[in-house]
1. May I ask you to say which residue of Ala129, Ala88, Ala68, Ala83 is closer than 17 Å to Phe305 by Cβ and small (Gly, Ala, Ser)?
2. Pull out all pairs, ordered by first then second residue, where Cβ-Cβ is under 7 Å, the residues are six or more apart or on different chains, the first lies in region 162-176 and is in contact (Cβ under 8 Å) with a residue 60 or more places away in the chain and under 19 Å from Val256 (Cβ atoms), and the second is open to solvent by less than 70 Å² (accessible area, probe 1.4 Å) and of a type in the set (D, E, K, R).
3. With (1) at positive phi; (2) within 18 Å of the chain's Cα centre (by Cα) as the list, and Gly249 as the residue in question, which single condition is left unmet?
4. Using the structure shown, decide if Ala74 is in contact with a Leu (Cβ under 9 Å, 6 or more places away or on another chain), in the same structural domain as Tyr49 (by TED's automatic domain parsing) and crowded, with 16+ Cβ neighbours inside 10 Å.
5. Which members of region 127-142 meet the condition of being more than 10 Å from the chain's Cα centre (by Cα) and either of a type in the set (D, E, K, R) or not in a helix (DSSP H, G or I) (or both)?
6. List pairs: first residue in region 81-93 and within 20 Å of Arg44 (Cβ to Cβ), second residue among the basic types (Lys, Arg) anywhere in the structure, Cβ distance under 8 angstrom, at least six positions apart or on different chains.
7. Under the condition of being touching a Leu at 6+ places or on another chain (Cβ under 7 Å) and not polar (S, T, N, Q), which residue from region 107-124 is surrounded by the fewest Cβ atoms within 10 Å (Cβ to Cβ)?
8. Taking only pairs six or more apart or across chains, which ones have beta-carbon atoms under 9 Å, a first residue in region 227-238 that is aromatic (Phe, Trp, Tyr), and a second residue that is open to solvent by 50 Å² or more (accessible area, probe 1.4 Å)?
Amino acid sequence: MWKPTLPRATDNNNGRAAKGFALFGAGFIGAVHAECIASHSGSRLVCVYDPDADAARRLAGNYGARVAGSVEDALATEGVDVALVASATFSHVEVLRAVIAAGKDFLCEKPLSAGTDGAREVVALTAAAGVFGAMGFNRRHDAQHLALRGMVSSLGSPEIVRMTSRSSPAGLPSRVEDSGGLLREKGAHFFDLSCWLLGERPREIYVAADCLVDAAFGAGGDVDTAAIVLRFGSGALCLMDFSRRSAYGYDERVEVFGAGGVAESGCPVPLATRRSLGGAAEVGGIHGHWLDRLRPSYGAQLGCFLGALDGDGAGEFATVRDGLVAELIAAAGLRSVAEGRSIEIDYTF
Ligand SMILES: NC(=O)c1ccc[n+]([C@@H]2O[C@H](COP(=O)([O-])OP(=O)(O)OC[C@H]3O[C@@H](n4cnc5c(N)ncnc54)[C@H](O)[C@@H]3O)[C@@H](O)[C@H]2O)c1
């Protein structure tokens, strides 16, 4: 089975020259990627571009990287081999047009686009240019989900899959416009994860959704709570529940149930402590912040991306086609919410 490679200080990168990265987006996740790039011996951060020049300067300064004045300037910077697109969702297509025109391989954060037209355009441009267009579906590189995937074939035909994702810290209604909405922001990850675990795509989706956390999400045209049913081509049913808030820490669990048994990727506990006082016992809780739960997966993802650039496991890495599939599922899910019925998913590429 394909294994993730974790960044290590002693990693000698098999004697290959380190790949020079242009990073687009110096926000929250851009900083996580910058740290991963700088700490892997197979990569180096050459430059950073963000229209917020102060944010770009702060991040680039931490790693001795150049601050680029524009997307094109970043791509033309000497030593740039590949692009990592971690900018706001609404900018992905625009940035990727320039990246692909420059003939650079790239890794793009999810969702690929906040719309099917943009996602289709990126897939077509990537194929025409012959560049490697990878998607940042980092859950594929999470050690627990990888282990679960390795167990699926031992369960017989999968019949029911359950996925839970409840956010901590809580999502902010002010971010709705930037995020593309709950079914893209969170949905893209779990739609991809379900396809990757089962090795097939859903053919039908039903979504019941509402604003149970904060009405302000509704004012921004979004929902904050969703119950989703996906029916796969094999007949397997997948149930997802999403919330933009969890009062007890970041809750992410995945379970696959088949004719022969069940396997689960549960919530890891950062501190396996137990205190017993009187008649009550108290155990350590789950991760308070989603990034603490998932941080290792970003380094593993980068290691695998670097390998894929050299042809090692390239067929396994999520690509922009997977990004488009997730977007097509999300689009059908949004129609389901609007029309109050289940929707056949149209996979016209
Ligand atoms: N894989 C994951 O788990 C994960 C987690 C968080 C965010 N994301 C994704 O990463 C992207 C960024 O999210 P974030 O939380 O870092 O947001 P953020 O708001 O913290 O940062 C986004 C940055 O992009 C910049 N930007 C806007 N237009 C740009 C352009 N044309 N070129 C370069 N930069 C531009 C903004 O100025 C901002 O600094 C989103 O698409 C989001 O869905 C993925």
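The values are calculated or read from the model by the stated rules, or taken from the named source; none is laboratory data. None of the values given here were measured: they were computed from a predicted structure. Note that we place each Cβ from the backbone using ideal geometry, even for glycine, and neighbour counts take in every protein chain shown. All accessible areas refer to the heavy atoms of the entire protein, side chains included, with ligands and DNA or RNA removed. Shrake-Rupley method; radii C 1.70, N 1.55, O 1.52, S 1.80 Å.
1. Ala83 is the lone residue from the list that is closer than 17 Å to Phe305 by Cβ and small (Gly, Ala, Ser).
2. Sorted first by the residue in region 162-176, then by its partner, the pairs are Arg162/Glu255; Thr164/Asp241; Thr164/Asp251; Thr164/Glu252; Ser165/Lys186; Ser165/Glu252.
3. The failed condition is (2).
4. Yes.
5. Hits for region 127-142 are Gly130, Val131, Phe132, Gly133, Ala134, Asp142.
6. Asp81/Lys19; Asp81/Lys104; Val82/Lys19; Val82/Lys104; Ala83/Lys104
7. Arg120
8. If the second residue must be open to solvent by 50 Å² or more (accessible area, probe 1.4 Å), the pairs left are Phe232/Arg201; Phe232/Arg203.
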